[in-house]
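Q: Okay, here's the structure, questions in a sec.
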Amino acid sequence: MSLRPRVVIVGGGFGGLAAAQALADEPVEVLLVDRNNFHLFQPLLYQVATGGLSPANISMPLRTILKKQRNARVLMAEVTDLNLLDRRVEFADGRHADFDYLIAATGASSFFFKNPEWELVAPGLKTVEDARRIRFEVLSAFEKAEAHGHPLAPGALTMVVVGGGPTGVEMAGAIAELARLTMRGEFRSIHSEEARILLIENGPRVLGSFDPASSAHALASLRQIGVEVRLETMVREVHSGRVVLELGGVQEDVPCAVVVWAAGVRASRLAQVLAEKAGLGMDRGGRVPVMPDGSLPGFPEVFAVGDMTSLIPEGATRPLPGLAPVAQQLARHVAGVIGRRVRGEASPPAFAYVDRGNMATIGRASAVAETYGMKLSGFLAWLAWLFIHLVLLIGFQNRLLVLLQWAINFLTFNRAARLINATATQTPQAPQTTQPGVPVHG
């Protein structure tokens, strides 16, 4: 058994994987734990939800990624509890893993504010299961309308996307293109291009974190492809088959076939566990506060990165945003802190995030991008978006397949992964072996 310090990383997303890879040359043993056996490239999930890509195109087995990293081991398990004093991670199957250092990187999930029941009829877009469920509901809406024929029931082809951030904008644009371009002419009883796509945003503009000029371009592009954008509009109720909207104190009952939730996220459940065990409070988003080096106050050997953390840089008044680059950069910084401690060296300077910009695609050959002080829009921004996402995808095979699929989609307007899976709403569980008290070695 190795005598080197063990670093347990919980979560194989952007932050957790970046931390594991950054520890490759450090004198430590790495145990990466995730309830799934794959890393998921979440920014392209909306394309899975609209049939442009398959889940395998944007996923890669964690074992494949870390195959050549000899100090790393992958464990498929679900973490249910943490013992920070005894330095132990508890798993759902009764096993546990001891650690010298812990990095929590379990991200965030869709948040429905004070209405958790809305999730039953308005899926978010955080997992492969979410994407499959949305694809199932969107495609099934067209099939049901085709079977029913004219006159259609109210809202039979109405799709509502709640939230005007990047996810909502990209989702609404993709559904519009699916209806107006990809499926045009495929039905006999209905016209798919008659589908009504509503994008609901509570604020005064879409893409509120972008420059106003970029937001204005995105709004114009959405309306050009037929998306009905409702600004300064609140969602009061969500039911199966309808939503209740409110604008200026006036409510409107909107019949609909599909509701997609892109309006808010909250830190994962493990953030609450971590905060309780460390005696810390959480912010409104359920995020746990961390020190400038990524560690928890009072627990220098416990770190957290990504969407589950609240890190306010020196001189700032707001925490860093929940973006993949923030998670990756903080994860690499944490790996450096651990490496220096193990080697007995001085700690590095406090973490400083390097903001390389933001981008979002609206639809075919249309996007907005803000990077290094430059503001791009239209076709050039779309090319930049394509390039960046291809580079960030993990695995040469995935990059090649996605590039080929995008080229085919662009030339033919087709989306080949438009499969209706009857088990789309079933969520697989990690294997359970029920061995209470059994440690994980290696």
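Q: I want the local charge near Leu84. Using Cβ-Cβ distances under 13 Å, sum +1 for each Lys or Arg and -1 for each Asp or Glu among the other residues.
A: Net local charge, Leu84 excluded: -4.
Q: Please list, ordered by chain and number, the residues whose modelled amide H lies under 5 Å from the amide H of Glu237; skip anything fewer than 5 residues away on the same chain.
A: For Glu237, whose amide H was placed from the backbone, the distant partners under 5 Å are Val244.
Q: Take the cross-link list Lys114/Lys375; Lys126/Lys277; Lys68/Lys126; Lys67/Lys375; Lys68/Lys375 and give me the ones stretching past 32 Å between alpha-carbons.
A: Correct reply: Lys114/Lys375; Lys67/Lys375; Lys68/Lys375.
Q: Sticking with this structure for a sec: Using the Cβ atoms and a cut-off under 15 Å, what net charge is assigned to the surroundings of Met234, where Lys and Arg are +1 and Asp and Glu are -1?
A: Combined, the nearby Lys, Arg, Asp and Glu give -3.
Q: May I ask you to sort Val138, Val334, Val354, Val161 by Cβ crowding, counting other Cβ atoms within 10 Å and putting the fewest first?
A: Ascending Cβ contact count within 10 Å gives the list Val354, Val138, Val334, Val161.
Q: Still on this model: Tilt of helix 166-177 relative to the longest C-alpha principal axis of the chain, in degrees (0 to 90, nearest 10)?
A: 40 degrees
Q: What residue among Leu247, Leu376, Leu296 shows peak mean-square fluctuation when the chain is described by a Gaussian network model with Cα springs under 10 Å?
A: Highest fluctuation of the listed residues: Leu247.
Q: Report the Cα centroid-to-centroid distance between region 292-342 and region 94-118 in angstrom, as an integer.
A: A separation of 16 Å, based on Cα centres.
Q: Moving on. Give a quick list of trypsin sites (Lys or Arg not before Pro) in region 327-386 that DSSP marks as loop, anything other than H, G, I, E or B, with at most 13 other Cβ atoms within 10 Å.
A: Arg343, Arg356
Q: For region 116-263, just say rounded, prolate or oblate: build the C-alpha gyration tensor, square-root its eigenvalues into a ≥ b ≥ c, call rounded for a/c under 1.5, and beyond that prolate if a/b exceeds b/c, oblate if not.
A: Here region 116-263 falls in the prolate category.
Q: Which value in nm describes the separation of the simple spin-label points at His239 and Glu301, placed 7 Å from the Cα toward the beta carbon?
A: Placing both labels 7 Å along Cα→Cβ, they lie 5.5 nm apart.
Q: Among Glu232, Glu301, which comes first, then next, by fewest other beta-carbon atoms within 10 Å?
A: Sorted ascending by nearby Cβ count, the order is Glu232, Glu301.
Q: So what is the calculated 222 nm ellipticity per residue for the chain, using -39500 (n - 2.57) for each DSSP H run with n of 4 or more, over all residues, to the nearest 500 deg cm²/dmol?
A: -9000 deg cm²/dmol, from helical runs alone.
Q: Which trypsin sites (Lys or Arg not before Pro) from region 31-116 combine a DSSP loop assignment with at most 10 other Cβ atoms within 10 Å?
A: Within region 31-116, the qualifying trypsin sites (Lys or Arg not before Pro) (loop, at most 10 other Cβ atoms within 10 Å) are Lys68, Arg70, Lys114.
Q: Label points 7 Å out from Cα along the Cβ direction at Phe387 and Leu411: separation in nm?
A: Computed distance between label sites Phe387 and Leu411 equals 2.2 nm.
Q: Oh, and also: Rounded to the nearest 5, what is the percent of antiparallel bridges among the DSSP beta bridges in the chain?
A: If we restrict to bridges inside the chain, about 50 percent are antiparallel.
Q: In which sequence would Phe14, Phe142 go, from the one with the fewest C-beta neighbours within 10 Å to the one with the most?
A: Lowest to highest Cβ neighbour count: Phe142, Phe14.
Q: For the ranges 365-374, 312-321, what's the packing order if you count other beta-carbon atoms within 10 Å of each residue, average per peptide, and put the highest first?
A: Going from most to least packed, we get 365-374, 312-321.
Q: Pick out, in residue order, every one of the GluC sites (Glu not before Pro) in region 174-213 that is DSSP loop and has at most 15 other C-beta atoms within 10 Å; say none if there are none.
A: Glu186
Q: Based on alpha-carbon centroids, what's the gap between region 151-214 and region 36-64 in Å, whole number please?
A: So the two Cα centres are separated by 22 Å.
Computed from the coordinates by the stated procedures, all read-outs in this text should not be read as laboratory data. Not measured: the values here are computed from a predicted model. Cβ coordinates were reconstructed from backbone atoms using ideal geometry, including for glycine residues, and neighbour counts include every protein chain displayed.
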